[in-house]
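Structure record follows, encoded as structure tokens.
The values are calculated or read from the model by the stated rules, or taken from the named source; none is laboratory data. A quick note: this is a predicted structure, and the numbers were derived from the prediction, not measured. Don't worry about glycine lacking a Cβ; one is built from the backbone with ideal geometry, like all the others, and counts go over all protein chains shown. When the accessible area is computed, the model is the full protein with side chains, heavy atoms only, and any ligands, DNA or RNA have been set aside. Shrake-Rupley method; radii C 1.70, N 1.55, O 1.52, S 1.80 Å.
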Amino acid sequence: MTARDSDSGSGRVHRFRSARRVPAALTALVVLGVAALFLYDLAAVRAGRPGMNWRGDLADALANHTPADLGVQLIAGALVLAGAVLLLLALAPGLRRILPMLPPDRRAGVRAGLGRKDAAQILRDRAMEVSGVRSVRVKMGRSHVGVRATSHFRELDDVRADLDAVIAVGIEELGLAHPPQPRVRVRR
């Protein structure tokens, strides 16, 4: 639980974040430092000062190839794309398969989460207890639960009504911070 979670009086429960943000930020800082060092050395060579030995060869190659060359533009585009991907990975939450649960007591400082597959299995087991259901497939998303059931001896409307009730109670008992909306489909 972050300080922002406990200090906000709104009671909002945030998604879990991946632990890769700090290593990705450190990697980006290291890459930035190395790029700044190379740029400084290139500027020193251009200003007539001695540069690193192997960098002199690279500076000569850069003097022969201008930014208008297609190869230079392709390499620059690839580097920009790689940088954008690294920034996206550093900023995006990576634990999308974990659904945040409501904590019983916000002051306790405990956060809980439930995996999507586990939540789907719990709801599937609940749905299999409904009379007339032969098989059930449950697909759990962040905002919706897709339930596809096959009925074999009861009326489809009765089975659908029972499944709606059982799935609604099951979603409520999961204790999710953002309960998904059920979409129930029953067929023969």
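For this structure, a couple of remarks:
- Computed label-point distance, nm, for sites Ser143 and Asp157 using a 7 Å Cα→Cβ extension: 3.1 nm
- Computing FRET efficiency as 1/(1 + (r/R0)^6) for Arg134 and Val169, where r is the C-beta to C-beta distance and R0 is 22 Å, gives about 0.55.
- Summarised in one figure, the compactness ratio Rg/Rh of the chain, Cα atoms and Kirkwood Rh, is 1.28.
- The chain - percent relative contact order, Cα under 8 Å, separation 6 or more: 19 percent
- Shape box of region 75-154 [Cα atoms, principal axes, largest first, Å]: 65, 41, 15
- Arg187-Ser18 FRET efficiency (beta carbon distance; Förster radius 30 Å; 0.05 resolution): 0.20
- Computed from label points 7 Å out along Cα-Cβ, the spacing between Arg49 and Arg97 is 5.1 nm.
- Relative packing of peptides 113-125, 15-27 - highest average C-beta neighbours within 10 Å first: 113-125, 15-27
- Ranking Val184, Val169 by solvent-accessible area of protein heavy atoms (1.4 Å probe, all protein chains present), from largest to smallest, gives Val169, Val184.
- In plain terms, the chain from Leu29 to Asp125 could stretch by 29.7 nm, reckoned as 0.36 nm per residue minus the Cα-Cα distance.
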